[in-house]
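Below you'll find the structure, written out as structure tokens, and then a few comments.
The values are calculated or read from the model by the stated rules, or taken from the named source; none is laboratory data. It should be emphasised that the depicted structure is a prediction, and the values quoted were computed from it without experimental measurement. Here Cβ is always computed from backbone atoms with ideal geometry, including for glycine, and neighbour counts include all displayed protein chains.
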Amino acid sequence: DAAPAPAEPAAKPANDKLVVGFAQIGQESGWRDAETQSIQFYAGQNIDTIDLKFADAQQKQENQIKAIKSFIDMGVDVIGLAPVVETGWDAVFTEAKEAGIPIVLVDRKADVPEDLYATFIGSDFIKEGNDGADEMARLLDNKGKIVELEGTVGASAANDRKKGFDDQIAAKYPDIEILASQTGDFTRAKGKEVMESFLKTYGSEIQGVFAHNDDMMLGAIEAIKEAGLKPGVDIKTVSCDGVKGIFEAMAAGEANVTVECNPLLGPQFFETCAKLKAGETVEKWIKSEEGVYRAETAAEDLPNRVY
Ligand code: AHR
């Protein structure tokens with residue numbers, strides 16, 4: 001009798017997709033929602049080739065760490081995250097490295113040795129702070145008293161925007177005084193609350209506000225109006241992000257400038273993950289291209305804004 005035919009080679013595993021875990025910070029701002037949508041939309045459009053495991057850490061580093069550990073247990077190809085704060089990542093990134101899973105930092109940096117992550121995709125927050133200072137100086141003719149609304153304590157977006165802004169003011173604009181600087185945690189509600197307390201303390205002394213994001217500025221604008229002052233006129237505004245809400249405020253004459261920060265990082269993120277899975281090398285910092293937008297052109301810019 002003829003010998004039985006050799007068995008067919010084992011079928012390829014059902015999941016031959018690029019498997020990516022992403023540990024998102026939370027939903028603190030319109031900007032963050034746009035970033036989440038960009039990532040989820042791209043994965044949804046490429047469902048045949050991408051398997052996205054998405055976790056929302058609700059603003060807590062411990063939840064991001066838990067999510068990363070579970071992605072390691074699942075054996076994903078690449079792990080992405082926007083680190084809520086800069087420090088405290090060494091141990092979990094080392095676990096990922098030992099499991100052979102590259103880490104991609106998206107939007108915010110982590111303060112870890114370079115060999116613990118593959119690349120950082122995002123903005124130059126120091127430059128955003130520098131640009132914010134130059135815009136504030138232009139609005140105030142290089143002289144005046146201002147307040148600063150900081151982002152989440154310990155976040156790279158807050159640390160670097162503050163450094164970029166404060167250093168530029170100190171170096172180039174000696175007649176601009178920062179009266180007070182306090183965290184508003186990147187949220188509209190906190191931005192409003194902190195601006196109310198600044199207005200109580202300093203009243204009409206305040207000539208300008210720099211906010212580390214537009215959402216806090218939108219809250220501050222409400223506080224300024226409730227105090228009977230005109231935002232954008234009595235108190236000049238400069239904030240970061242470029243969300244639609246601030247363009248609407250600029251078009252209405254209630255805000256002056258936004259320094260753009262691009263949240264639409266989904267396509268770049270997955271292209272980078274695919275390269276890493278294929279064993280290709282990628283640049284250590286994949287920088288976003290961004291601009292500065294002023295009230296003067298807001299009405300014509302608004303229809304072109306996608307977030
Ligand atoms: O890390 C980017 C910052 O985080 C954005 O400016 C802000 O809106 C977000 O919450």
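List of remarks:
- Looking only at residues of the range 160-193 that are among the basic types (K, R) and within 16 Å of the ligand (Cβ to nearest atom), we find that the one that is farthest from R138 (Cα to Cα) is K190.
- Of everything in the range 74-125 that is farther than 20 Å from V282 by Cα and not in a loop (DSSP other than H, G, I, E, B), the residue that is nearest to the ligand (Cβ to nearest atom) is F125.
- Across the range 163-192, the number of residues qualifying as assigned to a helix (DSSP H, G or I), surrounded by 17 or more Cβ atoms within 10 Å (Cβ to Cβ) and out of contact with any Lys or Arg (no Cβ under 9 Å at 6 or more places or on another chain) comes to 7.
- Some residue of the range 135-145 being polar (S, T, N, Q) and under 16 Å from the mean Cα position of the chain (by Cα): no
- Filter pass, T237 being hydroxyl-bearing (S, T, Y), under 17 Å from the mean Cα position of the chain (by Cα) and surrounded by 15 or more Cβ atoms within 10 Å (Cβ to Cβ): no
- Residue pairs meeting the criteria (Cβ under 6 Å; at least 6 apart or on separate chains; first free of Cβ contacts under 8 Å to residues at least 40 places away in the same chain, in the range 250-262; second aromatic (F, W, Y) and buried (at least 21 other Cβ atoms within 10 Å of the Cβ)): none
- Some residue of the range 216-233 being over 25 Å from the mean Cα position of the chain (by Cα), aliphatic (A, V, I, L, M) and surrounded by fewer than 17 Cβ atoms within 10 Å (Cβ to Cβ): yes
- Failed item, numbered, when A34 is tested on (1) in a helix (DSSP H, G or I); (2) within 14 Å of the ligand (Cβ to nearest atom); (3) touching a strand residue (DSSP E or B) at 6+ places or on another chain (Cβ under 8 Å): (3)
- Candidates in the range 88-107 are the residues that are of a type in the set (D, E) and over 20 Å from the mean Cα position of the chain (by Cα); of these, the one that is farthest from G279 (Cα to Cα) is D90.
- Candidates in the range 194-215 are the residues that are away from the ligand (no atom under 15 Å from the Cβ) and charged (D, E, K, R); of these, the one that is nearest to the chain's Cα centre (by Cα) is E196.
- Among (1) buried (at least 23 other Cβ atoms within 10 Å of the Cβ); (2) closer than 21 Å to G191 by Cα; (3) within 15 Å of the ligand (Cβ to nearest atom) - the single one L265 does not satisfy: (2)
- Hey, E289 more than 25 Å from E150 (Cβ to Cβ), among the charged types (D, E, K, R), away from the ligand (no atom under 15 Å from the Cβ) and at pLDDT below 95 or not: yes
- Pick from the range 126-141, criterion of a type in the set (G, A, S) and within 16 Å of the ligand (Cβ to nearest atom), ranking: nearest to V84 (Cα to Cα): G129
- Within the range 156-174, residues that are farther than 17 Å from A110 by Cβ and modelled with pLDDT under 95 have Cβ atoms under 6 Å from residues that are within 13 Å of the ligand (Cβ to nearest atom) and in a helix (DSSP H, G or I) in no pair, counting only partners at least 6 apart in sequence or on another chain.
- Test: C273 is crowded, with 24+ Cβ neighbours inside 10 Å, at pLDDT 95 or above and part of a helix (DSSP H, G or I): yes
- Among (1) assigned to a helix (DSSP H, G or I); (2) touching a Phe, Trp or Tyr at 6+ places or on another chain (Cβ under 6 Å), the one test that V147 misses: (1)
- Residue, nearest to the ligand (Cβ to nearest atom), within the range 150-159, restricted to residues that are part of a helix (DSSP H, G or I) and out of contact with any strand residue (DSSP E or B) (no Cβ under 6 Å at 6 or more places or on another chain): A157
- Test result for K53, part of a strand (DSSP E or B) and either at pLDDT below 95 or under 11 Å from G21 (Cα atoms) (or both): yes
- Failed criterion for Q45 (all others in (1) under 17 Å from A274 (Cβ atoms); (2) polar (S, T, N, Q); (3) touching a residue at least 24 places away in the same chain (Cβ under 8 Å) hold): (3)
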